[in-house]
Amino acid sequence: MKKRTKSSSPHKKHMAKKILIIEDEEIVLGLLQKKLSQEGYEVSVARDGEEGLKKMREIKPDIVLLDIIMPKMSGFEVMEEMQKDSGLKKIPVIVVSNSGQPVEIDKARELGAKDWLIKTEFDPQEVINKVKKQLKNL
Amino acid sequence: MKKKPIRKVAKKIDGTKRQTIIAGPSEISQNREEELAEIDRIAKMLVRRDFELSTLRERRELELKELKKRTEELEESKIALTSILEDIEDSRRALMNMLEDAEDGRKKVEEEKNKTATIIKNLADGLLVFDKGNKLSLVNSQAEIFFQMKTEEVMGKSLSQLAILPIFKPLVELLLKETAGIFRRELHLKENLILEISTIPLTTEKEKLGKLVILHDITREKIVEKMKTEFVSLAAHQLRTPLSAIKWTLRILLDGDLGEITSEQRDFLEKTYQSNERMISLINDLLDVTRIEEGRYLSKLTLVNIEEVINLVVNSYKDEIKRRKIKFEFKKPEEKMPQIMVDVEKMGLVVQNLLDNAVHYTRPGGEVIISLNRGAKDIEFSIKDTGTGIPEEQQERIFTKFFRGTNAIKMEAEGSGLGLFIAKNIIDAHNGKIWFESKQGEGTTFYFNIPIYEKEEFTEFLTKF
């Protein structure tokens, strides 16, 4: 209960910044959604790359949390599409992936990703911190 | 009686007519005289003749004797000759037998030769034999298949002549580079054909006869190995997804985001979280191993101060060291260390693996010391502990994948046996060396060195990655 009241305050401060989570793994998605909502963000979710791009065009989020390995369209493909679309190009992307090969990270950077998180190496709280950091830069 | 035969004899001897002898009475006595003389003369003559005859007979007998003797001698010679002939016949037979034996022997040798040739021809491995002058002197069928050529096309050609043929080029380069001999070297001959090359010098006690090159097809092994690596990689990646879901769920529970929890609940959740962390680290080790095996391990090389890399790792272990009541020291060098070219993340992993072992296998009250020294051409790192040590008989296996010392397993049930394998591979990839000194019950010191490159060496080093 305490936490909830705590997290309700940034809600106003952020003026409800919009976050889109594109992630096919239900538990991770649910946890991120919960955690970020508690922090007062306006959270939307998509369960594959295609749906993600569609929602991105609809809601114009302030930031995107993006998984890489997903059905229909991978995270890399999503970023490629975003690069082609001037409306989406500037939306910061934080990759949240299971893997973290330097080649993959480099590729994501080239495609405009701002940060890369390996799920097994980070806690949800650290994801929140990264989101905050990125939003501050806007 | 007497007269008649004499007359007859006389008549016979001189052929005088009977009328002449029967002349008148005076004439008779005279004739008688003459007759007697004649008789005497004849008698004498007869005696002489008789003598001559006996002489003749004697001579004849002598001659006969002589003849007999000669005949005997001849007979003997004949016998001797016959025996010689027999001997010759025997010899001839013996010679014929010998010739037959020799023919048999030759046939056997021929058979053996054919057998050997058939074996060589049908060997699953390819064989090439180069003679003293490095000219190709034998090619078996498998080698023909590997190189897609006919024996006649390449027989007798020298290495440099062979190098002109594109398919031979990689092999020739290898043979020219490794004159001392090759043992199980991989050679990617063409698409879908990987050979393992070994050479054997052909020598008798006295002289060098040339070189045998064995070409063993390991394409299948390589495919299986790749599949295995891919499988482990895939499995590890697949495992990561649920593991991170578990990790995050536990974290959120522990953080109280889903409501307050009791201290007992916290305790269990905390332990589960730690278990899960160990699982994650095992999976990470497995993935590192698959990357080593796929030969895509080192990534970004940067020029760094190794001291900073060590500090980062040491800091992350401070609490653990304190909790385990271990004395720890990092002896930094007095002089300034030159920067070295490393993959920072991987080098951190080496230090972490070595420090992790030192801390885990040293009992409370023990000591762990890290030192850094500058050598003539390298930087040497060492980490000394007063821990359990590595049993002598297990020391040579210490860098083997999945190997763990028996005493280490007793002290710490957890552990993948991959840490030192990974560390060795990382150090090797940096052109460094890793080694250790250890005595069971007294402690272990691990060392590694990383070369300091001059500018031009450095460019050369870089091209290898």
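Bear in mind that the values in this text are calculations on the coordinates, not laboratory data. As the structure is a computational prediction, the values presented were derived from the model and not from experiment. A quick note on method: Cβ atoms are made from the backbone with ideal geometry, for glycine too, and the neighbour counts reach across all protein chains shown.
If Lys and Arg each add +1 and Asp and Glu each add -1, what is the summed charge of the other residues whose beta carbon sits under 13 Å from the beta carbon of B:ASP50? Once positives and negatives cancel, what remains is +2. Of the GluC sites (Glu not before Pro) found in the stretch B:134-242, those in coil by DSSP whose Cβ has at most 13 other Cβ atoms within 10 Å are B:GLU178, B:GLU191, B:GLU205, B:GLU207.
The calculated FRET efficiency for B:GLN339 paired with B:ASN315, based on their beta-carbon distance and R0 = 22 Å, is about 0.60. For chain B, the longest principal axis of the Cα atoms and the long axis of helix B:25-122 meet at an angle of about 10 degrees.
The Cβ shell under 10 Å around A:ILE128 holds other residues with a net charge of +1, Lys and Arg each +1, Asp and Glu each -1. Within the stretch B:374-460, the chymotrypsin sites (Phe, Trp or Tyr not before Pro) that combine a DSSP coil assignment with at most 15 other C-beta atoms in a 10 angstrom radius are B:PHE402, B:PHE403. Across peptide A:29-38, the average count of Cβ atoms from other chains found within 10 Å of a residue's Cβ is 3. Label sites at B:LYS206 and A:ARG109, each approximated as a point 7 angstrom past Cα along Cα to Cβ, lie 6.8 nm apart. With a threshold of 31 Å on the Cα-Cα distance, the over-threshold entries among A:LYS119/B:LYS322; A:LYS60/B:LYS271; A:LYS130/B:LYS331; B:LYS169/B:LYS424 are A:LYS60/B:LYS271; A:LYS130/B:LYS331; B:LYS169/B:LYS424. In this label model, B:ARG278 and B:ARG49 are separated by 15.4 nm, measuring between points 7 Å along each Cα→Cβ vector.
The gain in end-to-end length when the B:GLU186 to B:GLU294 segment is fully stretched comes to 37.5 nm, 0.36 nm per residue minus the alpha carbon separation. Only aspartates and glutamates eight or more places from A:LYS34 in sequence, or on another chain, were considered; those with a Cα closer than 15 Å are A:GLU23, A:GLU25, A:GLU26, A:GLU42, A:ASP123, A:GLU126, B:ASP255, B:ASP257.
The radius of gyration of the Cα set in the protein assembly as shown, together with its Dmax, comes out at 57.3, 218 angstrom. With q set to 0.12 Å⁻¹, the log10 of I(q)/I(0) for the stretch A:18-137, from the Debye formula over equal scatterers at the Cα positions, is -0.35. Partner aspartates and glutamates whose Cα lies under 18 Å from the Cα of B:LYS226, excluding those fewer than 8 positions away in the same chain, are identified as B:GLU186, B:GLU191, B:GLU196, B:ASP217, B:ASP285, B:ASP288, B:GLU293, B:GLU294. By the rule of a C-alpha distance below 19 Å, with chain neighbours fewer than 8 residues away ignored, the aspartates and glutamates paired with B:LYS208 are B:ASP131, B:GLU178. Going by neighbour counts of Cβ atoms within 10 Å, the residues B:HIS360, B:HIS216, B:HIS188 line up, fewest first, as B:HIS188, B:HIS216, B:HIS360. Calculated [222 nm] ellipticity per residue, helices only, for chain A: -15500 deg cm²/dmol; basis is -39500 (n - 2.57) per DSSP H run with n ≥ 4, divided by all residues, nearest 500.
Over all other residues within a Cβ to Cβ distance under 9 Å of A:LEU29, the charged ones net out to -4, with Lys and Arg as +1 and Asp and Glu as -1.
Relative to the 2.2 N^0.38 Å rule of thumb, the stretch B:87-164 has a C-alpha radius of gyration ratio of 1.74. Label sites at B:GLU442 and B:ASP267, each approximated as a point 7 angstrom past Cα along Cα to Cβ, lie 4.3 nm apart.
Output the antiparallel fraction of DSSP beta bridges having both residues in the protein assembly as shown, as a percent to the nearest 5.
Taking every DSSP beta bridge within the protein assembly as shown, about 70 percent pair in antiparallel fashion.
Phi angles across the stretch A:81-98 convert, under the Karplus curve 6.51 cos²θ - 1.76 cosθ + 1.60 with θ = phi - 60°, into 3J(HN,Hα) values of 4, 4, 4, 7, 9, 4, x, 9, 3, 8, 6, x, 10, 10, 7, 10, 10, 7 Hz, Gly and Pro given as x. For the stretch B:222-293, a Kirkwood radius taken over Cα pairs fed into Stokes-Einstein (20 °C, viscosity 1.002 mPa s) yields D = 156 µm²/s. Test of the criteria: in the stretch A:79-111, which trypsin sites (Lys or Arg not before Pro) are in a DSSP loop and have at most 12 other Cβ atoms within 10 angstrom of their Cβ? Sites meeting the loop and neighbour criteria: A:LYS90.
Compactness of chain B was expressed as the Cα radius of gyration divided by 2.2 N^0.38 Å, which yields 2.54.
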